[in-house]
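Report on one structure; see the data block that follows.
Here, each number is a calculation from the coordinates, and none is a lab measurement. This structure is a prediction, so every number in the text was calculated from the model and none was measured. Don't worry about glycine lacking a Cβ; one is built from the backbone with ideal geometry, like all the others, and counts go over all protein chains shown.
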Amino acid sequence: MNQTVTQDKQKLERLIELAAILGQQNDYQEILRLVSQKASSLLDAQNAILMMINPRTRQTVKTIFKEAGKGKQPDFNGLHTHVSGWIIKNKHSFKSENIKNDKRFSKNLFKNITIETVLGVPLFSENILFATLLIFNIDSKDKNLDLSLEYLEKLAAVVAPFLRNAQNVREYFESPIPQKSLLLKYEALGMIGKSENFVALLKAVESAASCDVRVILEGESGTGKEMVARAIHQFSSRCDHPFVAIDCGAIPDNLIESELFGHVKGAFSGAATDRRGLFEEADQGTFFMDEIANLPLDMQTKLMRVLQTGEIRPLGSNKTRQTNVRIISACSKSLKELVNGQKFREDLFYRLHVYPLQVPSLNERQEDIPMLANHFLQKFSTQQDKEIESFHEEIHDLMQHRHWAGNIRELENFVERLVALAGPNVTTIKSSMLPVDLRKELKEYESILPSHKIIRPLSESLSEYEKQLIHDALIANNWNQSKTARILKTSEQTLRYKMGKLGISRKTE
């Protein structure tokens, strides 16, 4: 009974946290993302779809959220539109334990989909149905769909006012920053790019910075999660206070408690003086905890208490101290999967998982590679007192198409290495300057993907092909223009015009 009450309390707290976040948002797309993401996460579902309905045009705006690490997005094959249609028609919540055999729909309608359980709820405002929220394939152990549906209905009741008013908020209050200004704003912090995924990340950072809640960053190692955390701090209300960072995997287990909470003199062998921990160092500011999955389980318990009470107790002391710190945590693994594998505390996960952000890998933003590479080239050329201005196109092609397992960090090291190997008078890094391993990689790339290289603009390639075609036809017909024009199915006037434009004459034969 007590466990049930505790779980209900935790769910209520998560709904309140979501309402607090939505109350500080003015970006419509970010509100859609947060609602669909939270519905998926809090109900242990693989996917969620939020479908907004325009009451005048009946057109829809939809967003799909998929948790990272679960493979390809499933083929919904019209499932969301059929279920949403049922909800709109009946103005009632929807529950199906096996959608393929659901008799409310035509037989075999969903025979090819990989989805099994489906829950859906209508969202109302002033008795007007303006949206549907669907979740798919619930992963929870008990799969109590009745309780899950009840919770989804409560979530819908909480978020409905924010979704209904979101467009008015955006129209009448502060408008989102223009994209060009947004890119320049973050470029000053070293966050460089222009791809769709990168711009979406910046917009999410803007929204996260505007509300003082815990943020969790998930993304592969080397994607720049600490830089994202610094940006959130820089543009938040805590920017005048400290930003403190720690890599939870880089500190031995026996030292982590002292590092986080500090210690008093004599707490252990070698503790000659009192020492403040990082929580106190970050007081009133932001504490970035990277690779938080590496925290030992006993420290996870102590961190959970700090998040609940705002109090820390230095090692060896019997007195607590109050702190006011914003936590931004990060992990290169899926914390949700670690929770499912009982390697991370579930209650701590939900305490941290208030404002989740997914940081894209470099391979998900390949369009940004040339900009990042040129930025690093300028940086390391200055550091090494060299005057290198550019990469040869072969190097650019290699960087654009190779797989960056280490993401931005690997690209940065790659460019630094090339700059270090370049001579003092080099202005362009060419393939001949590459070390043996990279020269071999370039050779393999060129043998595998020769057709993928764009050597010249399309217009030039077409002109070259046209010139060759006309030239070969003239030679085949002994430069008889009348006969050549008939074979090419064009007029002599057009043929002569093309010959003059393309520089074709018997002298060039």
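Take the Cα of residue 446, go 7 Å toward its beta carbon, and the backbone nitrogen atoms of the stretch 380-395 under 19 Å from that spot belong to 391-395.
You can think of it this way: the chain between residue 269 and residue 308 has 11.0 nm of extra reach, that is 0.36 nm per residue less the Cα-Cα gap. Between residue 488 and residue 114, the modelled labels are 5.3 nm apart [label points 7 Å from Cα along Cα→Cβ]. The aspartates and glutamates within cross-link reach of residue 467, meaning a Cα-to-Cα straight distance under 19 Å and a gap of 8 or more places when in the same chain, are 492, 509. With a Förster radius of 45 Å, plug the Cβ-Cβ distance of residue 417 and residue 196 into 1/(1 + (r/R0)^6) and report the FRET value to the nearest 0.05. E(calc), rounded to 0.05, equals 0.90. Each of 494, 183, 121 was placed along the dipole of the chain (beta-carbon charges, centred on the mean Cα), and the one lying farthest toward the positive end is 494.
Karplus-based coupling profile of the stretch 241-256, in residue order and whole Hz: 10, x, 10, 10, 10, 9, 9, 5, x, 9, 10, x, 4, 6, 10, 5, with θ = phi - 60° in 6.51 cos²θ - 1.76 cosθ + 1.60 and x standing for Gly or Pro. Under 16 Å from a label point set 7 Å out along the Cα-to-Cβ vector of residue 127, the amide N atoms of the stretch 81-99 belong to 91-92.
If the segment from residue 237 to residue 390 were pulled out straight at 0.36 nm per residue, it would be longer than the present Cα-Cα gap by 51.1 nm. Taking 14 Å as the straight-line reach from the Cα of residue 265, the aspartates and glutamates in range (excluding those fewer than 8 positions away in the same chain) are 274.
Across the stretch 466-480, coupling constants 3J(HN,Hα) worked out from phi with the 6.51/-1.76/1.60 Karplus curve, θ = phi - 60°, read 4, 4, 5, 4, 5, 4, 5, 5, 5, 5, 4, 10, 6, 6, 7 Hz, and Gly and Pro carry x. Length gained on full extension, residue 427 to residue 98: 112.0 nm, using 0.36 nm per residue less the C-alpha separation.
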